[in-house]
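Student: Quick one: the structure is below, questions incoming.
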Amino acid sequence: MTELPDGTHQPDAPRRPASRRALPKWLPPRRRGDTVRRDRLHALLTDSIEYDVTVIGAPAGFGKSTLAVDWCAESALPAIWLSLDRGDWDPLALITDLVGAIRQRFPTALDDLSERLTMGAAPQSAGALVAELAATVQADVDELAVLIVDDLHVLDEAPAALDVIDTLIRNVPMNLRMILLSRTFPSLPSLARLAAQRRAFTVAARELVFTSEEADAFLVQSNIEDPEARAELAKRADGWAAALAVLADRYEPGRPRGVESDFILDQFIDREVLDRLDSKHVDLLTSCAVLPLFDLEFAQSLTGDPQAGATLRDLERTNHFLMRLGYGDSAEWFRMHALLREHLIGRLEREQPARLLDLRRQAAALAHRRGMVAEAMELSLDARDWPEVVRELDDQREALYQRGEWGTLAGWIDRLPREVLDRAADLAITRARLAAKFSRSQECLARLDEAEQQPLDPEQKVRVQLYRGIAHRGMGRLADAIAACRRARILAREHLDDDHPLYAEINLEEGTALGRSGQLEGAQQRFSDAAVAFDRIGDHHRAAEAHNGLGSALYEIGRLAEAMSEYTAAQRRWRMLAEPQAQVATMNNMGSVQHMLGELETARDTYTVVVERAAQIGQPRYASYGREGLATVERDLGRLEAATTLYTIAIHEAQEVDDTPLILGATYGLAMCYRERGELARARTLLDHGLRSAEQSGALLYQARFRIGIGATLLAQGQAAEAIPMLEGAIAAADESGARREQAAGRLLLGAACYHGRRRAQVAEHLERVHAIIEELGYDQFLIAEARQIPDVIEHAAVRRMAGDYYRRLADRLRPADPEDIPPVAGSLRIRAEAFGTPRVVVDGRDIPDLEWRSERAKELLFFLLQHRGPMRKEEIAVGLWPDISPRQLNSTFHTTLYRLRRAIHPQVVVQSAGGYQVNPDFDVWYDAAEFDEIARSTERAEPWSEEWVDGLARTVGLYRGPFAAGIESEWVEEARERYQDMYLTSMLALAQAALRRGDAAEAARMAQSVLDVDPLNEDATFRLMEAHARRQDLDQAARAYRRLSDALRAEMGSRPSARLRALYDRVLSGEVLDDPDAPAGPASRGRG
């Protein structure tokens, strides 16, 4: 069965809103009016929009952020900004900031995910959250946007946080482009693969260096008029943006030039920045350097200057190293350039360490009062204010654990000195608990040993034993895990009240360990007690875990109806909590119940949904469980090749995530497939290995299963005598475990072993016992695969009417049925595009509705590319779709439209080729206009009036269901519309004339009238219609056709029909046409002037 996330459980702590990041880190620095536009770099970034990810990597001070801000301001694409800091080392904190930044730009997006993060919903793995974030952005954001992640190098020492970014770039949605700004090249494994796929683009330091022309333009814009001075300053800056900015800020005409040398950065900043400021400016910068972001309240508090606002405005106006970010919830925030901030902190550390600590304490106190919990904690840690840190951690640790911010909590605790942690037992125990959460069981046990060296109160002693149980279970030592939980229970009974919530935690953990070990009756009781307790105290998350665990225990016991009831109770709570990961796990368990009840198609559908949803939320572990379930269904249906493949994939995936139960379950299924295929040696190798693993971990249920498998393999090898003791051992283990299905399967095979071992007297006893268990359970689907291997024994029981007619019915079910049709493997995407009439696109048989296109331009773009066949450059496409658009708007408009097209059909429906864009040639595309053109060309090559020629004309007009791209009014459409209409009318007239030639006047009249329905002033059509009516001797209709055209020409154009048409009309009026109906008729011009 599928366990929830990692078998560890959330603490009993009230959920409350998370106090997280300050809003300014979601705001881009304000664009300065004095920056110079660097056209070559803007062009690079514009080109990079063709790529999913762009990395701008260079050391500090090279203008990475300025370039990104300037380009975003001009690109017209919606920009999302996130500046990283050390607080983002925690994966959940980083995801929270990503969500916040996206919602800063798109306030209605990611509502559900944001609410769960804000309210401290129970944690999921970071991968699942990132995958959900990516999928939701694609669903909620209806345009192409750019996400800029600044200061990515902050995460260089945080691999778990880098995994979040790596997962995001690997799953970047179609409507998002990412720009990563970093001082170092990011250690992201997916970058190499994306670069190989031409999906990643890099801008390095060498591109960011100012050229002499750019440096001169910057200095001109900075009002430095002397060309020689500009050249000197540019030379000294040597292309470094930060130095150029400082030199420009501090330039004074006539000032003596300094000693020419390679300056050290600290000396440069002191000399060129700080020494040029007055004391109030320096004091404000120094005081606020302890904060990555600050506002007026922080500046006033840290400087003690109520006029700090004026100083801030002056600094922001005159100094390139201070950037105003914009307004947050209630204040305007500022950010100091990292170079200057690092320099000031370093100077404080060297010259005024006591002042640095005091500033950090002051800032921490103010941050705490303002509810900025994470910032306050970081500042207190930096200030080494250990009593305050311990107090804050004691207050926040359960809430942080509840929200899943385990990395943040562990990082803060790890920064405490050893002597402080030795006096804080609760924090030491919490840190051990986190080690178990990180699957570091040995570390957990070592930390618990150290915690026990301190004086502990009774509750702390109980928690030590409870977390020992979690650690032992993580190591596969199930007996030790159960023993530790029982020690925790004994201590709780001695010292805690009967209604203490720790009892529920103990029950939940002991139930999990008992279930893993196969002690199902005990697991059932513990899970049941835990579910009642958690429901009573209102802990919905762990109540859902308990109900799910109880359902799994009941499932293994064989009580499927009760199991499904518990799974339903768990699923109801998961939906309330909006926990997609847990919902998938419980859904998989429900599929197992459906399977055991013999509802194989329903089970297969459920497992398929599990695999799909697990992939969508980035949970390969649960996808593997779904594949194992599908494999078991395929095995029951006798499709051993498919089952073998699925089991093999599941095993490999389970090994990657170290999921022992899944490895054991899939190994058993694969071995039984090999046995049914006659590959007995391979089956036995897997079964022996699985049995050893089950014995080492104490998993009683799996011991029973592997013994059953070995017994079945011995039977297939003709070693019935050797199979008997193995199967007896399996039945004993199943009896001890309480696993009713394994008891029945073991006895069925034991009956077969007795049958082949000449112990016929015992056969009936075992088979009757199998039937009794089946009657008790009410289902027998789990026996089918085993019974299929012993048909002679089943027939023997049926003939002798053992267990009434049960075995006769079973024998009937085992007889082979007609092979089920296997759906064909899907090939390339099939697209049917119809331009004639109202444009319509059908993908793999599904009509794409207008709502999914999001805009008419997206649909028009597809037809434009189909119409022009080969690769088209973006600028060529713009001439057709947006002839009046400005170059600045083109990039945003084109890529947003392209995104919508790809979203409506397929991410790869349009690909780049030969410097342009085209519809993917690997897709199976049928386009009616292209078919029309091809048939028309082949018809032109045929002999006029031949059968081939007439057939070609008929096929051509059959494709024409109305004007080309009706409803789209672009110039390129109108040109194509007129061309196709002319071709259609010409073809219809030719068909009308062909009909007359073969004597079918009625068909000729119908075709001519069809032309007139489109073009009422068409004289050729009127001529053919009059001829057709004359052939049918209906002169009245012929005359009416002429008068309709004559009246229309006079009203619309002030003209009259051609002489040739008037002559035919005269013949109609005189009746002469009846005397010579086959008179030759040459071409006539259309009456439009």
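Student: Pop out the ³J(HN,Hα) list for the stretch 49-61 in order, Karplus 6.51 cos²θ - 1.76 cosθ + 1.60 with θ = phi - 60°, rounded to Hz; leave Gly and Pro as x.
Tutor: Taking θ as phi minus 60°, the curve returns 5, 5, 9, 5, 10, 10, 10, 10, x, 6, x, 4, x Hz for the stretch 49-61.
Student: Given H placed 1.01 Å from N in the peptide plane, which residues other than close sequence neighbours of Ser913 have an amide H under 5 Å from its amide H?
Tutor: Correct list: Gln918.
Student: Can you list residues whose amide H is under 5 Å from Thr202's amide H, if they're 5+ apart or on another chain and H is modeled 1.01 Å from N?
Tutor: For Thr202, whose amide H was placed from the backbone, the distant partners under 5 Å are Val55.
Student: Report the convex hull volume per residue for the stretch 421-490, counting only C-alpha atoms, in Å³. Walk me through the numbers before you get to the answer.
Tutor: On the way: hull volume 4.6 nm³, N = 70.
Per-residue hull volume (Cα only) is 66 Å³.
Student: Under 8 Å for C-alpha pairs, at least 6 residues apart: give me the relative contact order for the stretch 23-208, rounded to a whole percent.
Tutor: Across the stretch 23-208, relative contact order equals 35 percent.
Student: Determine the relative contact order of the stretch 830-932: mean sequence separation of Cα pairs under 8 Å and six or more apart, normalised by residue count, in whole percent.
Tutor: Value for the stretch 830-932: 39 percent.
Student: By counting other Cβ atoms within 10 Å of each Cβ, how are Cys444, Cys673, Cys72 ranked from fewest to most?
Tutor: Numbers: Cys444 25, Cys673 28, Cys72 20.
Going from least to most buried by this count: Cys72, Cys444, Cys673.
Student: Across every pair of different alpha-carbon atoms, what Kirkwood hydrodynamic radius in Å does the stretch 467-612 reach? Don't jump to the answer; show the numbers that get you there.
Tutor: Details: mean 1/r = 0.0637 Å⁻¹.
Averaging 1/r across every pair of different Cα atoms and inverting gives 15.7 Å.
Student: If amide hydrogens are placed 1.01 Å from N in the peptide plane, which non-local residues have theirs closer than 5 Å to the one on Ile179?
Tutor: Excluding prolines and chain starts, which carry no amide H, the hits are Thr54, Leu147, Ile148, Val149.
Student: Any idea what the alpha-carbon Rg over 2.2 N^0.38 Å comes to for the stretch 386-543?
Tutor: 1.03
Student: Where does each of Asp151, Asp270 land when they are ranked from fewest to most other beta-carbon atoms within 10 angstrom?
Tutor: In increasing order of surrounding Cβ atoms, one gets Asp270, Asp151.
Student: Separation of the stretch 581-632 and the stretch 880-929 by C-alpha centroid, Å?
Tutor: 37 Å
Student: Only counting other Cβ atoms within 10 Å, I'd like Asp812, Asp385, Asp605 sorted with the fewest neighbours first. Can you show the working numbers first?
Tutor: Numbers: Asp812 11, Asp385 18, Asp605 14.
Going from sparsest to densest Cβ surroundings: Asp812, Asp605, Asp385.
Student: Exactly which GluC sites (Glu not before Pro) in the stretch 152-234 are in a DSSP loop and have at most 15 other Cβ atoms within 10 Å? Don't jump to the answer; show the numbers that get you there.
Tutor: Working: sites: Glu157, Glu207, Glu213, Glu214, Glu225, Glu228, Glu232; in loops: Glu157, Glu225.
Listed in order of number, the matching sites are Glu157, Glu225.
Student: What is the distance in Å between the Cα centroid of the stretch 114-193 and that of the stretch 54-69?
Tutor: Centre-to-centre distance over Cα atoms comes out at 19 Å.
Student: Where does the stretch 667-746 land on Rg(C-alpha)/(2.2 N^0.38 Å)?
Tutor: 0.99
Student: Which chymotrypsin sites (Phe, Trp or Tyr not before Pro) does the stretch 737-786 hold that lie in a coil by DSSP with at most 16 other beta carbons within 10 Å?
Tutor: Tyr779
Student: Give the cross-link partners of Lys874 among the lysines, using a straight C-alpha distance below 17 Å as the criterion and excluding same-chain residues fewer than 8 apart.
Tutor: Lys874 reaches Lys859.
Student: Also: With a Förster radius of 35 Å, plug the Cβ-Cβ distance of Ala1063 and Val879 into 1/(1 + (r/R0)^6) and report the FRET value to the nearest 0.05.
Tutor: Using R0 = 35 Å, I get an efficiency of 0.15.
Student: Something else: Provide the three semi-axes, in whole Å and in decreasing order, of the ellipsoid equivalent to the stretch 23-208 as defined by the square roots of 5 times the Cα gyration tensor eigenvalues.
Tutor: 25, 18, 16
Student: How much net charge surrounds Ala192 when only other residues with a Cβ under 14 Å from its Cβ are counted (Lys, Arg +1; Asp, Glu -1)?
Tutor: +2
Student: For percent of Cα pairs over 50 Å apart, several values are listed as (1) 39; (2) 47; (3) 77; flag the one computed from this structure.
Tutor: Answer label, from the structure shown: (2).
Student: Something else: Return the calculated 222 nm mean residue ellipticity for the chain, to the nearest 500 deg cm²/dmol, obtained by summing -39500 (n - 2.57) across DSSP H runs with n ≥ 4 and dividing by the residue count.
Tutor: When only DSSP H runs of four or more count, the value is -20500 deg cm²/dmol.
Student: May I ask for the net charge around Ser892, where only other residues with Cβ less than 13 Å from the Cβ of Ser892 are counted and Lys, Arg are +1 while Asp, Glu are -1?
Tutor: Taking every Cβ under 13 Å from that of Ser892, the sum is +3.
Student: Throw me the Rg/Rh for the stretch 461-506, computed over C-alpha atoms with Kirkwood Rh, two decimals. Please report the intermediate quantities before stating the final value.
Tutor: Details: Rg = 10.3 Å, Rh = 10.3 Å.
Ratio value, two decimals: 1.00.
Student: Whole percent per 10 Å bin, from 0 to the bin with the longest distance: what is P(r) over all C-alpha pairs of the stretch 699-815?
Tutor: Each 10 Å bin holds this share of Cα pairs: 16, 51, 31, 2.
Student: Using Cα pairs under 8 angstrom and six or more residues apart, how large is the relative contact order of the chain, in percent? Please report the intermediate quantities before stating the final value.
Tutor: Numbers: 1641 pairs, mean separation 86.6, N = 1089.
Rounded, it is 8 percent for the chain.
Student: Under 18 Å from a point 7 Å along the Cα-to-Cβ line of Asp735: which residues of the stretch 753-778 have their amide N that close?
Tutor: 753-754, 762-774
Student: Rounded to whole Å and sorted largest first, what semi-axes of the equivalent ellipsoid does the C-alpha gyration tensor of the stretch 830-932 yield via the square root of 5 times each eigenvalue?
Tutor: Values: eigenvalues 90, 45, 34 Å².
Over the Cα atoms of the stretch 830-932, the semi-axes work out to 21, 15, 13 Å.
A short reminder: the numbers here are calculations on the coordinates, not readings from a lab. Since we're looking at a predicted model, the values are computed, not measured. Cβ atoms come from the backbone with ideal geometry, glycine included; neighbour counts cover every protein chain shown.
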